[in-house]
Every structure is written in C-alpha cells, then in structure tokens.
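The values are calculated or read from the model by the stated rules, or taken from the named source; none is laboratory data. Note that the structure is a prediction, hence the values are computed from the model and not measured. Every residue, glycine as well, gets a Cβ built from its backbone with ideal geometry; the counts of neighbours run over all protein chains shown.
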Amino acid sequence: MVTPSRDTAGKAVAGWTLTVLFLSNVMNVGDRMLLGMVAEPVKLELGLSDSQLSLAQGLLFVLSNLAAGLVIARLVDQGNRKRMLAAGIATWSVATAATGLVEDFTTLAIARIGVGLGEATVFPTAMSMIADLFRPTSRGKAIAIYQSSGMVGMTAGTLIAGRLATSLGWRWMFGVCGVAGLFLALLALLTVPEPKRAPLAKPPVASAYLQELLAACRRVLQRPGFIFLTLAFGISAIPGAVLGGWAPAFFQRSHTMPLDQIGLVLASAMGIGGVAGTLGAGAMADWLVSRSGSNAEMLRIPLLTLPLTAPLTAFFALTPNAPGAIAAVFGLSLFLSCAVAPCINYAITEAHPRDRAVTSAIMLAATGVTGGALGPFLVGLVSDILAVEFGRDSLRYAITAMAVTPLIATGFLWAAVRQYSWRPRVLRTA
C-alpha cells in the first residue's frame, strides 16, 4: 500500500476545501438571486412599490451584511473558520426559507436582514482559507475558481428560481432553497479541515477585540492605493447588481417574457459570460505577475474591460428587442467578471496574512454598499419617479442612467494604479 506524500495530501485538502467553499458561494449567490427573480410577483402580491422592493433586496440586506461582515472578519482572522462558515450557511438558509412566509414589507425586510447576516460569513472566510492553502503563484487561479462560483450561483439561482416559482409558486421556492442550504452547512462542518496558519504572537483578550478590529481596519485602509481600489471595485459592481435585482422584472415589463423563460435565458447569458470572464482573468493575472514580478500588473485587466461595460449597459436597457438585450447581458457578465479576481487577488496578496479577512470584508462592503444597495435602490427610486410619465418603460430609463458607473469605476482604478506606479514588487510568499 502506497502512502500519499505530504504534498499530495496537502493538495487534496486544499482542493476539497476549495470545492466546499465553491459550493458555499454558489448557494450564497444563488439564494441572493431568488428575490430579484420573483420581484414582479412578490411586488404584486404584497402591494409594494419599486422603491420598497429595492430597499428589501438591496439596502437593508447590504447594511445587515456590512454590519456583520467586519465583526465576523476579525473573528475569521483569529478563530475557527470552518465552524463560522457552517454557522453562516445555516443562518442564511433559515432566513431564506422564512422569506416564503412573509406577508408585507416589514416581514420581508426582516427575512432579508437575516439572509444578509448569514451571508456575511462566506467571503472573508473563503479569502482567509484560500490564502493559507495556496501559494502566490497559484492563488490567482484559486481565487478565480472561487469567484466563478458566484457566476454559477447566479446561473443556478436564476434558472432554479424560474422553474420552482413557475411550478410551485414563489413561497415554496424560498422554502426548498432554504432547506437545501442546511445540508450544505452540515457538509462544511463535518468534512472541511481548519487550515494551519501562523500562531498569534500575542492572542488577544476579549476586551481588546474592538481595538484589534479598528487597528486592522486602519492598517488596511492606509495601504497605498487601497481606498481608490476599493471604490473602483465597489462602483464596478453596480451594473451587475442592477442586472441581478432588476433584469427579470425588466424582461417581464418591457419584453413581456414569461418567468420560466427569463430564468433560462438569463442563466445561460450570465453564467457562460461570467464564468469565462472570471477564470480567464484569474489565469491572465497569474501570467502577468509571473512575467513582470509586479503584483500590480494584474490590475491592467479591469482597466481594459470596465470601460466596455458602459455602452453595453445602455444598449441592454434601450434595445427594443429581447435577443439584443440578452446578448448585452452576456457581454456585461463577461467584462464585469474580468475585474473581480484581479482586484481581490491584489488586495489580499498585498495584505498582511492576519489582515486578509478584514481586507476582503472591506472590499465586500464596498461592493455591497455601492453595488448591492445604492445601484438597485437608485434604479427603483428613479423608476417610481418616471412611472407617471413612462409607465412600464420607467424601469428601462432608470437602468440606462446606470451606464455612467463603469466609467467612474475606471477613474478610481486609474487613481489606484497611479499610486502603485507599476513599480516592481517582491511577491509575498505567505
């Protein structure tokens, strides 16, 4: 009997952990897509306005996610990550199932806050574990694989939501998806090992927790270019969040497309484009870093792809035919996803190993506040204002207004690059 080498065993552990993290984020993003997919029937049954709907699926969700995210991130940097991961999955799964029982805006808001609290665990946990399991020369691919799970989650969530909502109704759709998440929480708890990391030189006591968290945030925010990078990353998420939150309602209102058909076409366009862009950008980031020896070289990728999404956003909203809008969804998913892996990879690679979860949580907060909350909320608000004059087409023009956001994101990214100055940097080995 041949005993596997330590390297082989280590790769197997890393591979399985990445697989479970991948599945966790598939469920994470998939559950997040559910409300957007059934926004129109939920709005009609509960008697909501577009602004109320955008508050529930965007702002309230994001604020709870942000509030929990930074606190959880510091616990992730210091505690048992697999237990936190399992607890987070279980929390959002229960809240997802409870969404099927809501009766008005208040109960819907409470359920969404619960989902936000649970989902705050996954991203910082994943970034911390991946950084400990993969070397810098392969970390870009690992992060890209993990981030591609978001596109898979969008695809699966959109497709499954369309099918379940059509056959069972939107209430049962939430219940079924919530129960499925509880099985994943059990899998994570029982099968994922806790990766080894360097011990704390001086383990913090409970009374010093807040000071440790604030000190970590200061260290991260003081890194050259990080604030500009985070702003760029957050604003670049607006078109994608608008697609996730409003595209199904847009296709129903402006193209009279049935819900089950929307699920199929959106799943295909967003999934194929998003996975291709994420994996391609991750591999390209590793190649650029290996060739140049500079971590900042990977940021060339989003500098090229982000400006292309501005005209695509406008075309998606204004084209009079559904096939053209679907093609725009594919292009948006492709080019927007190219920004994700390079920005995150750079941020956590440059961070101190004990600040990686906080770093990822700050970036996640930026995408949540600007992308997940501000973008969809502005679209809902503008749609309500324009509804008097444009009726069902008010959503079309509200989405068009978001076309400027990728150009703003590119400007902030360029400001970050100017601070890095493309200077050669020694690759971190931790």
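Got at least one residue in the stretch 326-342 being in a helix (DSSP H, G or I) and free of Cβ contacts under 8 Å to residues at least 24 places away in the same chain? Checked against the condition, which is being in a helix (DSSP H, G or I) and free of Cβ contacts under 8 Å to residues at least 24 places away in the same chain, the stretch 326-342 yields at least one hit.
The rows are residues; the columns are (1) modelled with pLDDT of 85 or more; (2) touching a helix residue (DSSP H, G or I) at 6+ places or on another chain (Cβ under 6 Å).
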residue: Glu194; (1), (2): no, yes
residue: Leu200; (1), (2): no, no
residue: Gly234; (1), (2): yes, yes
residue: Ile272; (1), (2): yes, no
residue: Arg291; (1), (2): no, no
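The condition of being part of a helix (DSSP H, G or I), in contact with a helix residue (DSSP H, G or I) (Cβ under 9 Å, 6 or more places away or on another chain) and closer than 16 Å to Phe61 by Cβ holds for only one of Met173, Met154, that being Met154. If you check Ala357 against the conditions, is it closer than 18 Å to Leu243 by Cβ and in a helix (DSSP H, G or I)? Answer is no for this residue. From the list Ala97, Ala126, Ala120, Ala90, the one residue that fits, being within 30 Å of Leu44 (Cβ to Cβ) and among the small types (Gly, Ala, Ser), is Ala97. Considering the stretch 256-307, the residues that are among the small types (Gly, Ala, Ser) and not in a helix (DSSP H, G or I) include one that is surrounded by the fewest Cβ atoms within 10 Å (Cβ to Cβ), namely Gly293. Entry remark, the stretch 157-170: residues being assigned to a helix (DSSP H, G or I) and touching a Pro at 6+ places or on another chain (Cβ under 9 Å) number 6 in total. Being free of Cβ contacts under 8 Å to residues at least 60 places away in the same chain and either in a helix (DSSP H, G or I) or closer than 27 Å to Asn28 by Cα (or both) is not true of Val369. Taking the options Arg300, Arg253, Arg291, name whichever one is more than 26 Å from Ala403 (Cβ to Cβ) and of a type in the set (D, E, K, R). Going through Arg300, Arg253, Arg291 in turn, the sole match is Arg291.
Yes or no, residue by residue, for (1) under 19 Å from Leu190 (Cβ atoms); (2) β-branched (Val, Ile, Thr); (3) under 17 Å from the mean Cα position of the chain (by Cα):
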position	(1), (2), (3)
Arg83	yes, no, no
Gly88	yes, no, yes
Gly100	no, no, no
Thr107	no, yes, no
Leu117	no, no, yes
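For the stretch 109-128, the condition of being of a type in the set (A, V, I, L, M), surrounded by fewer than 18 Cβ atoms within 10 Å (Cβ to Cβ) and farther than 30 Å from Gly282 by Cβ holds for at least one residue. Considering only the stretch 55-85, how many residues are of a type outside the set (Val, Ile, Thr) and closer than 27 Å to Gly240 by Cα? Matching residues across the stretch 55-85 total 17.
Taking every residue in the stretch 216-227 that is in contact (Cβ under 8 Å) with a residue 40 or more places away in the chain and pairing it with any residue that is small (Gly, Ala, Ser) and surrounded by 16 or more Cβ atoms within 10 Å (Cβ to Cβ), at least 6 positions away or on another chain, the pairs with Cβ-Cβ distances below 8 Å are Val220/Ala351; Arg223/Ala351; Gly225/Ala416; Phe226/Ala347; Phe226/Ala416. Selection of the stretch 1-53 for residues being modelled with pLDDT of 85 or more, surrounded by fewer than 14 Cβ atoms within 10 Å (Cβ to Cβ) and aliphatic (A, V, I, L, M) yields only Leu44.
Beta carbons closer than 8 Å, at least 6 apart along the sequence or on distinct chains, pair a first residue in the stretch 169-186 that is under 13 Å from Gly30 (Cα atoms) with a second that is outside any helix (DSSP H, G or I) for Met173/Val38; Met173/Gly100; Phe174/Gly100; Gly178/Gly100.
Among the residues here, Leu75 does not qualify as buried (at least 20 other Cβ atoms within 10 Å of the Cβ), farther than 30 Å from Gly169 by Cβ and more than 19 Å from the chain's Cα centre (by Cα). Among the residues of the stretch 129-146, the one identified as of a type in the set (Phe, Trp, Tyr) and either farther than 18 Å from Val340 by Cα or over 18 Å from the mean Cα position of the chain (by Cα) (or both) is Phe134. Please work out if Met84 is in contact (Cβ under 8 Å) with a residue 60 or more places away in the chain, within 18 Å of Lys196 (Cα to Cα), in a helix (DSSP H, G or I) and in contact with a Ser or Thr (Cβ under 8 Å, 6 or more places away or on another chain). No.
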